[in-house]
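Undergrad: Submitted below is the structure of interest, expressed as structure tokens.
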Amino acid sequence: MWLITLKIIELFAGIGAPRWVLQLANIDHKVVWFCELDKYAEKSYREIYNDYETPNLGDITKIDVNNLQKEEIDLIIGGWPCQDISLVGKRKGIDKDSGTRSSLLWYSLKIIEFYKPKWIINENVGNVLNAKDYGIPQKRKRVFIISKLNENWMWKFP
Ligand SMILES: C[S@@+](CC[C@H](N)C(=O)[O-])C[C@H]1O[C@@H](n2cnc3c(N)ncnc32)[C@H](O)[C@@H]1O
């Protein structure tokens, strides 16, 4: 039993796979808000979780942190667009202000700096982990970037 409810923000929420995993793991959580540009993805997200209340702040480039309410956030989680870093794409890259879709990652920074969450998890394509080795019916390598605020912390991947 969890004694706390994790307060989370989902960036580039898509259909909310991170939220699904929290549910599967029985981790009590509340999504404070999410951002997703695509209206069809949002529709799926809302139907999957029967959640028509949580605000979708939409386009991450347009989020003004001055309009956000300061509160303690445990986890910011997101999988930013992968087209420009995927091995099967044109590899236009991820440089800040380059205008590529993958460079949208940099817009996460303003949100991270504003909330200073305890944890951040970013997920994307890569050459490190393969989803098929973790019970997912998808042969696809993923990278997970896990960040923790302040404390010394040793991570042992299960
Ligand atoms: C790699 S997918 C994320 C998948 C997600 N983790 C899931 O579980 O479905 C990237 C998502 O970013 C969204 N996106 C693209 N540009 C965006 C923007 N400017 N602001 C917010 N979301 C955006 C896309 O519509 C897409 O759903």
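Undergrad: Keeping all protein chains in place, calculate the accessible area per residue for the chain (probe 1.4 angstrom), answer in Å².
TA: Per-residue value: 67 Å².
Undergrad: Let me ask something additional. Around LYS141, under 12 Å between beta carbons, what's the net of Lys plus Arg minus Asp minus Glu among the other residues?
TA: My count for the surroundings of LYS141 gives +2.
Undergrad: So for region 6-148: antiparallel DSSP bridges make up what percent, rounded to the nearest 5?
TA: Percent antiparallel among DSSP bridges in region 6-148 is about 40.
Undergrad: Counting alpha carbon pairs within less than 8 Å and at least 6 residues apart, what relative contact order, in whole percent, applies to region 6-148?
TA: 21 percent
Undergrad: Same structure, new question: In whole percent, how big is the carbon plus sulfur part of the accessible area of the chain, probe 1.4 Å, protein atoms only?
TA: That fraction is 56 percent.
Undergrad: Moving to a separate point now. Modelling each spin label as a point 7 Å along the Cα-to-Cβ direction, I'd like the LYS30/VAL65 distance in nm, to one decimal.
TA: Each label point is offset 7 Å from its Cα along the Cβ direction, giving 2.3 nm.
Undergrad: Just how large is the dipole of the chain about the Cα centre, in debye to the nearest 20, putting +1 at every Lys and Arg Cβ and -1 at every Asp and Glu Cβ?
TA: For this selection, approximately 640 debye.
Undergrad: Of all the stretches in the chain, which is the longest one without any exposed loop site, taking chymotrypsin sites (Phe, Trp or Tyr not before Pro) in a DSSP loop (any state but H, G, I, E, B) with at most 14 other Cβ atoms within 10 Å?
TA: Within the chain, the longest run free of exposed chymotrypsin sites (Phe, Trp or Tyr not before Pro) spans 53-152.
Undergrad: Along the charge dipole of the chain, which of CYS35, SER147, PHE157 sits closest to the positive end, that is, farthest toward it, with unit charges on the beta carbon of Lys, Arg, Asp and Glu (+1, +1, -1, -1)?
TA: Towards the positive end, the residue furthest out is PHE157.
Undergrad: Could you tell me which residue out of ILE112, LEU57, PRO137 lies farthest along the dipole of the chain toward its positive end? Charges go on the beta carbon: Lys and Arg +1, Asp and Glu -1, centred on the Cα centre.
TA: Ranked along the dipole, the leading option is PRO137.
The values are calculated or read from the model by the stated rules, or taken from the named source; none is laboratory data. Everything numeric here is computed off the predicted structure, so don't read it as measured data. Positions of Cβ are generated from backbone atoms using ideal geometry, with glycine treated the same way; all protein chains shown enter the neighbour counts. Please note that ligands, DNA and RNA were not included when accessible areas were found on the heavy atoms of the full protein model with its side chains. Shrake-Rupley method; radii C 1.70, N 1.55, O 1.52, S 1.80 Å.
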